[in-house]
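The values are calculated or read from the model by the stated rules, or taken from the named source; none is laboratory data. Just so it is clear, the structure is predicted and the values come from calculations on it, not from any experiment. Cβ placement follows ideal geometry from the backbone for every residue including glycine, while neighbour counts extend to all protein chains displayed. Each accessible area value is taken on the protein alone, full model and side chains, heavy atoms only, with ligands, DNA and RNA left out. Shrake-Rupley method; radii C 1.70, N 1.55, O 1.52, S 1.80 Å.
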Amino acid sequence: TLIKNYAQNGLPASEVFTIVNKRLCEGNDADLFVTAWMGILDITDGTMTYVNAGHNPPMLLLGDKGFQYLKSPAGFVLAGLDITQYKENTLKIEPGDRLFLYTDGITEATSAAQELYGEDRLSAYLNGHTKDTPENVLHGLKADIDAFVGEAEQFDDMTMLMLDFKHYR
């Protein structure tokens with residue numbers, strides 16, 4: 001809610017995270033923290049500015065190159081240290097490109113044999129379904145993870161989102 005509220009005021013992503021981090025540090029006696037990733041997409045030219053607070057890297061499909069991890073320096077987690085200043089990164093996406101965001105519960109889904117689903121399986125799944133609709137990719141990925149873990153109990157949330165950039169406005 002804090003991120004949404006500050007972002008709706010038109011602040012740059014880096015300022016949003018810096019302010020939210022300070023707010024979350026106030027009275028955080030339990031030393032709780034959260035990871036987060038936020039991007040602001042300019043739909044008129046495909047420029048996205050983004051900031052990462054300790055979150056796992058999104059995957060980006062640019063043209064026909066296949067999904068690749070968006071490797072950029074991640075800032076410190078939110079609520080970890082009140083003096084943290086977050087830095088923005090910029091990327092350019094074109095019509096047809098996709099951005100896949102997910103929580104670590106996806107890659108850390110664990111089978112009964114204590115094997116992680118992992119980044120390699122995630123990458124292989126996404127790259128095997130680059131032409132599918134986002135809905136089919138997400139539902140299919142969840143089914144693939146469910147089949148992988150079988151009856152093993154999971155201890156983390158599994159959240160995922162796919163942005164399919166269609167065209168400039």
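Worth a mention:
- Inspection of the stretch 100-115 finds a residue satisfying the criterion of being closer than 11 Å to Leu61 by Cβ, open to solvent by less than 30 Å² (accessible area, probe 1.4 Å) and touching a strand residue (DSSP E or B) at 6+ places or on another chain (Cβ under 9 Å).
- Subset of the stretch 63-83 [crowded, with 18+ Cβ neighbours inside 10 Å, outside any strand (DSSP E or B) and in contact with a helix residue (DSSP H, G or I) (Cβ under 7 Å, 6 or more places away or on another chain)]: Ala79
- Evaluation of Glu88 against the conditions (1) at pLDDT below 95; (2) under 16 Å from the mean Cα position of the chain (by Cα); (3) open to solvent by 60 Å² or more (accessible area, probe 1.4 Å) shows that the sole unmet condition is (1).
- The stretch 28-47 - residue that is part of a loop (DSSP other than H, G, I, E, B) and surrounded by fewer than 16 Cβ atoms within 10 Å (Cβ to Cβ) and, of those, farthest from the chain's Cα centre (by Cα): Asp29
- Yes/no for Ala124 being hydrophobic (A, V, I, L, M, F, W, C), more than 30 Å from Cys25 (Cα to Cα) and free of Cβ contacts under 8 Å to residues at least 40 places away in the same chain: yes
- Selection of first residues in the stretch 147-163 that are open to solvent by 50 Å² or more (accessible area, probe 1.4 Å) and of second residues that are in a loop (DSSP other than H, G, I, E, B) and polar (S, T, N, Q), restricted to Cβ pairs under 9 Å at least 6 apart or on distinct chains, gives the following pairs, ordered by first then second residue: Asp156/Thr103; Asp157/Thr103; Met158/Thr103; Thr159/Thr103.
- Note on the stretch 48-85: residues that are under 12 Å from the mean Cα position of the chain (by Cα), under 18 Å from Pro12 (Cβ atoms) and modelled with pLDDT under 95 amount to 1.
- Qualifying residue in the stretch 52-62 (condition: open to solvent by less than 20 Å² (accessible area, probe 1.4 Å), in contact with a strand residue (DSSP E or B) (Cβ under 9 Å, 6 or more places away or on another chain) and assigned to a helix (DSSP H, G or I)): no
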